[in-house]
Amino acid sequence: MLLAQRPIPIPSPTSFPFSPLSTVLPSTVPENAPEHCPGVESSDAGKADACEGCPNQAVCAEGPKGPDPDIPLIRERIKSVKRKVLVLSGKGGVGKSTFTAGLSWALAADEECQTGIMDVDICGPSIPLLMGLSNSTIHTSSSGWSPAYALDNLAVMSIGFLLPSSSDAVIWRGPKKNGLIKQFLKDVEWGDLDYLIVDTPPGTSDEHLSIVQYLKEAGIDGAILVTTPQEVALQDVRKEIDFCRKVGIPILGLVENMSGFVCPKCNGESEIFAPTTGGAEAMGEELGIEVLGKVPLDPRIGMTGDRGVSFLEEYPDSPATTAYLDIVQRVRELLGDA
Ligand SMILES: Nc1ncnc2c1ncn2[C@@H]1O[C@H](COP(=O)(O)OP(=O)(O)OP(=O)(O)O)[C@@H](O)[C@H]1O
């Protein structure tokens, strides 16, 4: 299906002023709504007597009513993507984007495997740098936005490509972020992809709700949750697990990143972020979630990330590369692709 050409670089998303969670969860009544809420899709939304004093009143009053007409367009566009996988983390800085990059380099190492990364970390897009695409821009055609390519079979889309400078801050409210994510899904010409890996911001924010709302119809195959071994990171992963369960996203498993330190000289391992409460293993066991693998802390991972090259290709014999490849293998198995 041909879609209309969109303006670049400034998307002008205006729709979806109400919380997308309301359309993800079975009811159209938000959890914090008053007793006689007419529902966010009602023509009375924001206008009924019951809406007086409701925190959602203003957004409901301007919101579109009825099913979102863009959902069928997204479904049509994403039809050519076989697997959609979200990468989530509770806490920031645990290495989620680095893991997304490693996973994607690993998948795309198979030339037959068409891979895409969609970076919806709108306020902190680091994927362009990690994929060696800092200076890339996005091209438009009559059929949509063309992603940038890290490899012939590795397509990348990020808001970072739309910013005039990598130091520009993106200060957007939820509806504008939602609109951009919708455009990413509706207008990007992904082509035939085996895997679309979606890098998300930390926590459970507007971006998560949008991606779930828009992508769920097309089918989300699963989520990978990234954590460090520390309790402070694990605690926040529990919230992420709760989020996935509430919105019905299958959890593929946990990845424990920065799990032990590998000395680049002797390949010997020691613990920097100690798993004081048992790390991902203990949490996975408690909550019935598989640990897909443990990626050690290796300073060369940061260095290759800064250079935008594949760690796996630069250091094929390192324990971290083995960990990435084992995780990819396990993800493929869980998705029925291996
Ligand atoms: N296994 C690892 N070994 C060494 N350094 C790592 C490893 N994983 C990530 N890093 C480094 O940790 C830092 C944070 O990584 P990254 O930006 O991927 O985290 P994030 O969880 O995506 O952060 P944000 O919350 O900002 O999205 C980076 O400097 C990265 O190079």
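The values are calculated or read from the model by the stated rules, or taken from the named source; none is laboratory data. The structure presented is a predicted model; accordingly, all values stated were derived computationally and were not measured. Neighbour counts are summed over all protein chains in view; Cβ atoms, including those assigned to glycine, are modelled from backbone coordinates with ideal geometry. Just so you know, the surface numbers come from the protein's heavy atoms only, side chains and all, with ligands and any DNA or RNA stripped out. Shrake-Rupley method; radii C 1.70, N 1.55, O 1.52, S 1.80 Å.
Could you check how much of the accessible area of the chain is carbon and sulfur, as a whole percent, using a 1.4 Å probe?
Values: 7480 of 14820 Å².
Within the chain, the accessible surface is 50 percent carbon and sulfur.
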What helix-only [θ] at 222 nm does the chain give? Using -39500 (n - 2.57) per DSSP H run of at least 4, over all residues, to the nearest 500, the answer is -10000 deg cm²/dmol
Suppose accessible area is computed on protein heavy atoms with a 1.4 Å probe; arrange 300, 245, 238 from highest to lowest.
245, 238, 300
For residue 177, go through the lysines and keep the ones whose alpha-carbon is under 28 Å away, minus same-chain ones fewer than eight residues off.
47, 65, 79, 82, 84, 91, 96, 186, 216, 239, 246
Please enumerate, by chain and number, the lysines with C-alpha under 22 Å from the C-alpha of residue 265, excluding those fewer than 8 residues away in the same chain.
294
Taking every DSSP bridge whose two residues both lie in the chain, the antiparallel percent to the nearest 5 is 20
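Can you work out the accessible area per residue across the chain, with the rest of the protein chains kept in place, probe 1.4 Å, in square angstrom? Intermediate results must be reported in sequence, preceding the final value.
Values: 14820 Å² over 338 residues.
Value returned for the chain: 44 Å² of accessible area per residue.
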May I ask for the longest run of the chain untouched by GluC sites (Glu not before Pro) that are loop-located per DSSP and have at most 16 neighbouring C-beta atoms (other than their own) within 10 Å?
113-216
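Translational diffusion coefficient, Stokes-Einstein: compute it for the chain using the Kirkwood radius over C-alpha pairs as Rh, at 10 °C and 1.306 mPa s, and state it as an integer in µm² s⁻¹. Let's see the in-between values first.
Numbers: Rh = 20.8 Å.
Estimated via Stokes-Einstein, D reaches 76 µm²/s.
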